[in-house]
Amino acid sequence: MALASLIIGIVAAVASASIILAVVSWIPAIVGLILGFKAKGNIAASGGMKSGAGMATTGIVLSVIALVLAVLVIVLAVIDMM
């Protein structure tokens with residue numbers, strides 16, 4: 001799950017930089033957040049048997065960045081249309 005969170009976070013962050021894709025980039029960003037937090041919980045519950053906490057954290061951070069960028073791009077696009 002940590003790797004999936006990382007990959008989805010990267011995809012969401014890249015997609016949110018585009019005006020066209022920013023409208024839907026919040027969907028993978030939320031999925032990346034959910035997977036990242038679930039992965040961190042699984043890793044913590046494993047008692048050191050599982051690794052990947054760094055990937056999960058990076059996926060969470062990238063997903064948050066993607067959400068912020070998507071909102072920013074959408075707001076700027078709306079302001080530009082006025």
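Readers should treat all values here as calculations from the given coordinates under stated rules, not as data from a laboratory. Everything numeric here is computed off the predicted structure, so don't read it as measured data. Because the Cβ atoms are built from the backbone with ideal geometry, glycine has one as well, and the counts that use them run over all protein chains shown.
Brief remarks follow.
- Relative contact order for the chain, counting Cα pairs under 8 Å that sit 6 or more residues apart, in percent: 45
- In this simple spin-label model, placing a label point 7 Å from the Cα along the Cα-to-Cβ direction at both K50 and I79 gives a separation of 4.1 nm.
- Added length on full extension, which subtracts the Cα-Cα distance from 0.36 nm per residue, L72 to L21: 17.1 nm
- Identified option (computed semi-axes √(5λ) of the Cα gyration tensor in Å; candidates (i) 30, 9, 8; (ii) 28, 13, 10; (iii) 22, 14, 12): (i)
- The C-alpha atoms of the chain define a longest principal axis, and helix 26-45 lies at about 20 degrees to it.
- Given their separation in residues at 0.36 nm each and the Cα-Cα distance between them, I7 and I30 gain 7.0 nm when the chain is fully extended.
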